[in-house]
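Heads up: the structure comes next, in structure tokens.
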Amino acid sequence: MLPTHLLESDAPAPPHVNTIPSYWADACVHLVKKDRVMKRLIPQFGDACLQSHGDAFCTLARSIVGQQISVPSAQAVWNRFVALPERMTPSHVLKLKVADMRAAGLSPRKVEYLVDLALHFDSGSVHVTDWAAMEDEAIIAELVAIRGIARWTAEMFLIFYLMRPNVLPLDDAGLISGISHNYFSGEAVSRSDAREVAAAWAPYCSVATWYIWRSMDSVAASTVMAA
């Protein structure tokens, strides 16, 4: 449910990215006050909160590597891929041989995606240094122009790397399932239903989404323990 494995990187956090959001405490106060479910959920997870690490290029590269394969498989491929370049930077990735990338376990399509990602970063087509001053939708527009990155991946990047506070990823199955479980007793919900629920979350939809994901992780764990 909590999709952090798609966006984590082993690289250290760059200096311009805070590891813990400065707004987290204020967000929790707001959500507890405005939403009955959040009032119940938030205390269950103590001091746990969203944390960001890695750099932008590695984070997005890892999300591409992990597409449509299991978490263990994604980790194994990533470990082989990250060992290929001298450093995991766009310019070094562009120097790799396709055959070596394929031997690491990457499909031809993912090789193309990773090369396109590296080209966008190397050419300055993505304005990394300007992101702090850019609106969410402007950053999403830059990211979805890269092959292999759709809106969901861009939104996960906004939440987990840039730690934007008010992202509502309506394409995320875990969020929709969590809203169904926590607000509608398991009944199917539409995107419109989800938006209506999230109206009380703004301007901290990212934080509420994170707690919904965590709640569903707990549900899954309880199911396994009961089996």
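Of all residues in the stretch 94-117, those satisfying the criterion of being part of a helix (DSSP H, G or I) and more than 22 Å from the chain's Cα centre (by Cα) are V98, A99, D100, M101, R102, A103, P108. Reported count of residues in the stretch 16-57, each being free of Cβ contacts under 8 Å to residues at least 60 places away in the same chain, over 23 Å from A199 (Cα atoms) and open to solvent by 90 Å² or more (accessible area, probe 1.4 Å), is 2.
Results for (1) of a type in the set (S, T, Y); (2) touching a Ser or Thr at 6+ places or on another chain (Cβ under 8 Å); (3) at pLDDT 95 or above; (4) in a loop (DSSP other than H, G, I, E, B), shown as yes or no for each residue.
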position: L143; (1), (2), (3), (4): no, yes, yes, no
position: W152; (1), (2), (3), (4): no, no, no, no
position: M156; (1), (2), (3), (4): no, yes, no, no
position: N166; (1), (2), (3), (4): no, yes, yes, yes
position: G174; (1), (2), (3), (4): no, no, no, no
position: D193; (1), (2), (3), (4): no, no, yes, no
position: S206; (1), (2), (3), (4): yes, no, yes, no
position: Y211; (1), (2), (3), (4): yes, no, yes, no
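R87 falls short on exactly one of the conditions (1) free of Cβ contacts under 8 Å to residues at least 12 places away in the same chain; (2) closer than 26 Å to V207 by Cα; (3) loosely packed, with under 13 Cβ neighbours inside 10 Å, and that condition is (2). When each of R102, R80 is tested for being touching a Leu at 6+ places or on another chain (Cβ under 9 Å), surrounded by 12 or more Cβ atoms within 10 Å (Cβ to Cβ) and of a type in the set (K, R), the lone residue that passes is R80.
The values are calculated or read from the model by the stated rules, or taken from the named source; none is laboratory data. Just so it is clear, the model here is predicted, and its values are computed rather than measured. Reconstructed Cβ throughout: ideal geometry from the backbone, glycine too, with neighbour counts over all protein chains shown. These area figures cover heavy atoms from the full protein model, side chains too; ligands, DNA and RNA do not enter into them. Shrake-Rupley method; radii C 1.70, N 1.55, O 1.52, S 1.80 Å.
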